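Here the structure is laid out as structure tokens; the discussion comes afterwards.
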Ligand code: MN
């Protein structure tokens, strides 16, 4: 049921995106995908109860705890999506290049599924680029696209934006170290 919207939006003959078969409720994984669709954005995804809860973050995550980034909740994605790096054909839903910008495990002191429902999530990330404590707080509960704010805790992994912009300092794939251009070019020649 959870992936109904995901399936409805996509044509899997046209798009190389995964349909999704794995529904392991114990997977504690996060991924951030850089997505060059009509507008470049970052998709933040957390595995909760066997699906990737997903948010589109137009400006991307920020390590500066004083900077709160808008995160628009979108449809759940299958767990396999976390390993998807490639090109969705132009004209198809979400058409454009997708990079696995960061990934790793997550951990929370409280039940994150309950926190998600409540709209107040606190969790720890163990990624290559994103680590330490993070928050996702729902600010607008609109039916289709609820709005949240994604921001960093003030801890050993936080950094001031004016001294270190992680999006600019570490722009490449955490999976393959490729740039967006390399991914696009290599996928086009397949
Ligand atoms: Mn996207």
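Structure summary
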{"read-out": "Förster radius 22 Å - calculated FRET efficiency between residue 67 and residue 23 (Cβ-Cβ, nearest 0.05)", "value": "0.05"}
{"read-out": "Within the range 72-102: backbone nitrogen closer than 20 Å to the residue 40 label point (7 Å, Cα to C-beta)", "value": "72, 85-91, 94-102"}
{"read-out": "Residue order, fewest to most beta carbons within 10 Å, for 80, 187", "value": "80, 187"}
{"read-out": "Packing-based order for 46-57, 9-20, using average beta carbon neighbours within 10 Å, highest first", "value": "46-57, 9-20"}
{"read-out": "Burial order of peptide ranges 154-161, 33-40 (average beta-carbon count within 10 Å, highest first)", "value": "33-40, 154-161"}
{"read-out": "Label-to-label distance, nm, for residues given as residue 162 and residue 137 (7 Å Cα→Cβ offset)", "value": "2.3 nm"}
{"read-out": "Cα-only radius of gyration and Dmax that characterise the chain, units Å", "value": "15.9, 46"}
{"read-out": "Ranked 106, 148, criterion: other C-beta atoms within 10 Å, fewest first", "value": "106, 148"}
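Since every read-out is calculated from the coordinates, none of them should be taken as a lab result. All values derive from a computational prediction rather than experimental measurement. Note that we place each Cβ from the backbone using ideal geometry, even for glycine, and neighbour counts take in every protein chain shown.
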